[in-house]
Amino acid sequence: MLPDEHLPPQGTLGFRLQPYGIKQWCDIFTPRQQLLISTIGRLIKTVGAKEGETIQILLCFALGRTQDLNASTSTWANTIEAICGANRAQNRMPMVWDFVEASPLGETGGNWLSQVEWVAKVIEHVAASVSGKAVIEQSPAQEVPLPPDSAEAIITDPPYYDAFGYSDLSDFFLSWHRRHLPEQALSRLKFSEQGMSPKQQEIVVNISAEKDGRGPKDATWFESQMGLTFKKARETVKPGGVAVIVFAHKQTSGWEALLNSVVNAGWVVTGSWPIDTERPARQRAQDSAALASSIHLVCRPRENTDGSLRNDEIGDWRDVLTELPRRIHDWMPRLAEEGVVGADAIFACLGPALEIFSRYSRVEKASGEVVQLKEYLEHVWAAVAKEALNMIFEGAETTGFEEDARLTAMWLWTLSTDVTNGNGDSTSEAEIEAEEEDEGKPLSKTKLSGYILEYDAARKIAQGLGAHLERLQSLVEVKGDKARLLPVAERTRALFGKDEAETPKGKKKKKEQMSMFVEIDDAEESGTWGAKNVPQLGNTTLDRLHQAMILFAAGRGEALKRFLVDEGVGRDERFWRLAQAFSALYPKNTDEKRWVDGVLARKKGLGS
């Protein structure tokens, strides 16, 4: 009665259990939990023999919900004060150190009867809201079992690149269900030869997939198989039909792979809409570019009325690049009016941008060279960045700001998605690993400080604004595939202090012993502030604004006044315009927001 099948190989997407001795599916459950699930499963089979297979199947659904709340990887969700299922919204299976379980026979939430009631509610809802009949078939997406030109629409939520180990995670449930479901239902599920979920044709990026013989599941596999899928989908939809593709991934690599497969399969992307579908944010979503929405791409077949693919329309690269900024300029204010900002707005612009490019069978430069989608997307990011910057500074001439100010403003705007929502479902494997390093540890300001973007996204933003990350090392820290915009407090030494080699002897410089205030004290004592006891002016408007914010935070009112008045910083209108913009961009309840507002409050008092 216990699932003794082996877990997927160590390193499989989403799994961190194997190094801790959890080798079989039953090992995830304590002996008490094993007894609970197997006992209910045995009773379900008894009921099924009397009441029929339908009842048996539905009760297995309730049992799956019960096991999700009764495993050694179930945790407590503080934000909603409830048990967080072991499968973590079917995203991953990490090791946890302080699991929690439901009381299945009690009267509190998570008990057995409440799981049965949830299944019953779904049945009642479907019965009341759906009319007519539906035909449901299980089939690989690459082999849609429908004739050509037979469908009015296709709506799909395809795999999110490397965010899920879909088939492996489903075995968490199937390893138990195959022991409790009726034989006829088992035959319809099409288990693999190993008796688990089929994995050979799964479209996902999973670098460990080759370890158990399912073949290479890399980026090339993902794009090629998605291309086959969307080609088959286009052939199935009528020439005047439509497809809606739901995608939520904040890595540019995931988006480029998906969009390449869509465009190359003969679809014209005509629109993209962000729709709030995601669960509340967890720790990872704070100060990172987590999407609050799933992007719904609307596509039409690039076909003639007889269903044949149009292959003779060639676009001119110069015309495409001329039309792109106009389209983004028209689209982004509309999104802003509807509250769509940040990463959501960037990806919501893909639809109108791609309509320009994908309406052609190919786009060529004057030399005859065919333009690849990847190159076009670089220009899309640049157009979005420039338009966003114009909106941030309310149409002011943004070229008056140095590259560090332009980049910081756009970086903060990209992260301005409401952090009360977050798309955990698009989390990459690297982000999962980073988050699990802190599993069970208290949150710390050090760990959460700074504003994080995927490096490639940061590079594209910087490139579009004419900025260079390699020249901004005192502002941006790059580690692996992540780039971090440093918080203002971490810039204190760069803005006020001496180089490490010039630091007076006897001073302890361990990071954990240093603070912004100690850095300022050190700068004053070592005489780096000059004869007037004010800091040396920063090289850029952003540097001077950050200096003013640090002085305010440290309570150096007189030094701040001299800095703004005597040194003339407060007479620079760009300084105040940048401060006003950052006041709107910094997240609420952050130190930076409070500090920049404190500096702005000094403007009237200084007569500036």
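Values quoted throughout were computed directly from the atomic coordinates according to the rules given, and no laboratory measurement underlies them. Note that this is a predicted model, so its numbers are computed, not measured. Positions of Cβ are backbone-derived with ideal geometry, glycine not excepted, and every protein chain shown enters the neighbour counts.
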(Q) So for each of 318-326, 165-173 I average, over its residues, the number of other beta carbons within 10 Å; can you give me the resulting order with the highest mean first? (A) 165-173, 318-326
(Q) Give me, ordered by chain and number, the residues 5 or more places off Val268 or on other chains with an amide H under 5 Å from its own placed amide H. (A) Arg300, Arg302
Q | Members of Lys460/Lys604; Lys50/Lys199; Lys232/Lys374; Lys231/Lys374; Lys23/Lys231; Lys561/Lys588 lying beyond 28 Å, as alpha-carbon distances in this model show | A | Lys460/Lys604; Lys50/Lys199; Lys23/Lys231
Q) Taking 0.36 nm per residue of separation and subtracting the Cα-Cα distance, what length does fully extending Ala584 through Gln372 add? A) 72.6 nm
**Q.** Neighbour cut-off at most 13 other Cβ (10 Å), DSSP loop, chymotrypsin sites (Phe, Trp or Tyr not before Pro), the stretch 33-121
**A.** Trp97
Q) Which order do Lys561, Lys217, Lys365, Lys133 fall in if you start with the one that has the fewest other Cβ atoms within 10 Å? A) Lys133, Lys365, Lys561, Lys217
**Q.** Cβ-based exposure ranking for Met391, Met1, in which fewest neighbours within 10 Å come first
**A.** Met1, Met391
